[in-house]
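One structure is given here, and the rest of the page talks about it.
The values are calculated or read from the model by the stated rules, or taken from the named source; none is laboratory data. Since the structure is predicted, the reported quantities are computational estimates derived from the model, not experimental observations. Quick reminder, even Gly has a Cβ in these numbers, built from the backbone with ideal geometry, and neighbours come from all protein chains shown.
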Amino acid sequence: MQEQIQDNEDLAEIIIKTNASIIVPTYKEVENIPLMIERIDWLRQSLGVDLELIFMDDDSRDGSVEAVERAGYDWVRIIVRTENRGLSPSVIEGFRAARHPILVCMDCDLSHPPEAIPQMILALGSGQQFVIGSRYVPGGSTDDDWGLFRWLNSTVATLLARPLTAVRDPMSGFFALRKADFDRAKDLNPVGYKIGLELIVKCGFENVAEVPIHFADRLHGESKLSLKEQLKYIRHLRRLYIHQFGNAMHFLQFMVVGASGVVVNLTVLTILLMLGVADSGALAGGILVSLVSNFLLNRRFTFSYARDNAILPQFLGFLGASAVGMVVNYAVALYLRTSVLPETPTAIYVAALTGIVCGMIFNFLGNRYIVFRKRYVEK
Ligand SMILES: Nc1nc2c(ncn2[C@@H]2O[C@H](COP(=O)(O)OP(=O)(O)O)[C@@H](O)[C@H]2O)c(=O)[nH]1
Ligand SMILES: [Mg+2]
């Protein structure tokens, strides 16, 4: 392995002067820890800068602490965490504990080549705010044995993040940034695995660079990326979308809930008709049930930040906002039909559609700012 590293000609040409802290989240990585230390030690010696290595361990109790002690270096530490476990919180805590002006985060499984670190630091020095060790830029690669499922999984996850950032590999757990920028980051919500994506979005970084890496398969042990973590990713994405797109995202969810209300309405209508209820009763039943389901879904998802507020006043407010929306709808449509549009066969439809859109917007605004108003910041 050492020879392979020393073959890396680019490294010899890169001279960096800034010291860096390398933060490595670990959970049961005892087999990989000595190898990580060895690789970083080699990098320290060849660069001649001070690199601090901090393992952020979630109480693995597998001999990780002893492995770090055995190495006996004063520039290597392991911090054992017993509270607020998880990959992202441990990285954040490690960044806070770091002593040097540049922060690097990487996996402990030797997937991420430490030899890319000098280039990453250099990019930060030349004005980049965030630098990713990337599999998906020219020159980057992964080991060949990725099955279809793993590839598809990674591709879909990356595509879902595309509206948030144009970065090719936002899922990467190998990245670097300045400590000063990290210290300024607000509202970090370290949930799940994608701490790099969280930082790019929440810090609002515009200059993000990607350094190509070969992403090797993990050396020892198994990936801890479970299905549960993947579901957390969906929740994380939703939060980031709301952070980035604010009202547009609330409106989109409001529309999706509205569309689901149509399905609920028609389903209830059909069931009631099958049960022999009269048309008038079945129509009313469909409307009532869809109103309730729309309300509950909006409370649970669209305006989830207000879901701890009292439910009854909210429901009455929701009905009120719907009523106002209907009045606006009717008024706009009638005004357009009688006073604005020319006498053509399609005029009534144009009027009706414009009325619907205006009514919906009023309905949304009433719910967003009055019925489900924000009493506290979403956690
Ligand atoms: N502190 C901490 N580290 C974790 C946790 N889960 C995973 N890790 C570490 O985070 C890194 C990435 O995890 P890994 O299983 O390699 O995920 P993958 O690369 O996406 O397959 C590894 O160094 C893990 O040991 C956790 O809950 N807490
Ligand atoms: Mg890994």
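Key figures
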quantity	calculated
Wholly enclosed helices (runs of 4 or more DSSP H) of the range 28-128 bearing at least 3 residues more than 24 Å from ASP187 (Cα to Cα) and more than 26 Å from the chain's Cα centre (by Cα)	33-47, 64-71, 117-125
Any helices (runs of 4 or more DSSP H) falling wholly within the range 167-280 and containing at least 2 residues that are loosely packed, with under 13 Cβ neighbours inside 10 Å	179-184, 227-245, 247-274
Candidate set from the range 118-164 (those that are β-branched (Val, Ile, Thr) and in contact with a strand residue (DSSP E or B) (Cβ under 9 Å, 6 or more places away or on another chain)); member that is surrounded by the most Cβ atoms within 10 Å (Cβ to Cβ)	ILE132
Selection count, the range 81-90, where residues are more than 16 Å from ligand 2 (Cβ to nearest atom) and surrounded by 14 or more Cβ atoms within 10 Å (Cβ to Cβ)	2
Residue match in the range 330-350 (condition: closer than 17 Å to PHE251 by Cβ and part of a helix (DSSP H, G or I))	no
Unmet requirement for ARG337, which otherwise passes all of (1) modelled with pLDDT of 95 or more; (2) over 30 Å from HIS243 (Cα atoms); (3) crowded, with 17+ Cβ neighbours inside 10 Å	(1)
